[in-house]
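In what follows, a single structure is set out as structure tokens and then discussed.
The values are calculated or read from the model by the stated rules, or taken from the named source; none is laboratory data. None of these values were measured; they are calculated from a predicted model. Cβ placement follows ideal geometry from the backbone for every residue including glycine, while neighbour counts extend to all protein chains displayed.
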Amino acid sequence: MIKIGVIVGSTRPGRKALDVAKWVMDIAGMRGDAAFELVDIQDFNLPLLDEPSPPSLGHYTQPHTKAWAAKIAQFDGYVFVTPEYNHATSGALKNAIDFLYKEWNHKAAGFVSYGSAGGTRAVENLRLIMGELMVADVRAQVMLSLFTDFENFATFKPNERHVAEVDVLFDQVVQWSKALRVLRPDADQHPSDGRLVGGSA
């Protein structure tokens, strides 16, 4: 079964990304076409990039890099949950992405964003990054507004219409993830662990 990682893209104290990601996972739990896993970058305690070699060489030396690489390699596609900071994604998410290279290649990605402008500029930033990593980013995206989807700009209370948007996003990510597996000869060899819903790998 296709495996999709829902990546929590913020480590900031008081972050909203975890609440949004859990909501995304709740919707994923109603599907049966893929196995979905919540991946919180905060759990990996990644420092600012501290590998001496470019990630494209795959010569990882740090234990935290190897653990992060092993986790990301398990998936066929991703849904990134990202805030928007200064017209871009979070520094924490960009740093986590930059640690790796081949683990991202030939996979699919979609985006759920939030911010004063729905996080749209963070997603545009991420689309540029995905292109360099040979990740196929899907057209559908979910944009959550701090004005209408968060009570008092703090408590996450999404408009019901966004549920259908998440499903469309998942449809595209799952379809493209399946199509791209042919480009990865070892796609059926990754292990399965962690918090899965929607089936088993």
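Answer with yes or no whether A140 is at pLDDT 95 or above, under 15 Å from the mean Cα position of the chain (by Cα) and among the small types (G, A, S). Here the answer is yes, as A140 does meet what is asked.
Out of the residues in the stretch 122-150 that are touching an Asp or Glu at 6+ places or on another chain (Cβ under 6 Å) and surrounded by fewer than 23 Cβ atoms within 10 Å (Cβ to Cβ), state the one that is farthest from A67 (Cα to Cα). So that I can check it myself, show each step before the final result.
Kept after step one, since they are touching an Asp or Glu at 6+ places or on another chain (Cβ under 6 Å), are these residues of the stretch 122-150: 122, 127, 130, 142.
Of the ones still in play, those that are also surrounded by fewer than 23 Cβ atoms within 10 Å (Cβ to Cβ) are 127, 130.
On the way: R127: 25, M130: 21 Å.
The selected residue is R127.
Based on what the data block shows, is F36 hydrophobic (A, V, I, L, M, F, W, C), within 18 Å of the chain's Cα centre (by Cα), within 16 Å of I97 (Cβ to Cβ) and modelled with pLDDT of 95 or more? Against the criterion (hydrophobic (A, V, I, L, M, F, W, C), within 18 Å of the chain's Cα centre (by Cα), within 16 Å of I97 (Cβ to Cβ) and modelled with pLDDT of 95 or more), F36 does not qualify. Number of residues in the stretch 156-200 that are at pLDDT 95 or above, polar (S, T, N, Q) and within 30 Å of K102 (Cα to Cα): the value is 3. Taken over the stretch 25-55, the criterion of being outside any loop (DSSP other than H, G, I, E, B) and more than 23 Å from A69 (Cα to Cα) is satisfied by D26, I27, A28. Per the conditions (1) free of Cβ contacts under 8 Å to residues at least 24 places away in the same chain; (2) in contact with a strand residue (DSSP E or B) (Cβ under 9 Å, 6 or more places away or on another chain), the sole criterion not satisfied by T148 is (2). The single condition among (1) at pLDDT 95 or above; (2) out of contact with any helix residue (DSSP H, G or I) (no Cβ under 8 Å at 6 or more places or on another chain); (3) surrounded by fewer than 19 Cβ atoms within 10 Å (Cβ to Cβ); (4) not acidic (D, E) that F153 does not meet is (1).
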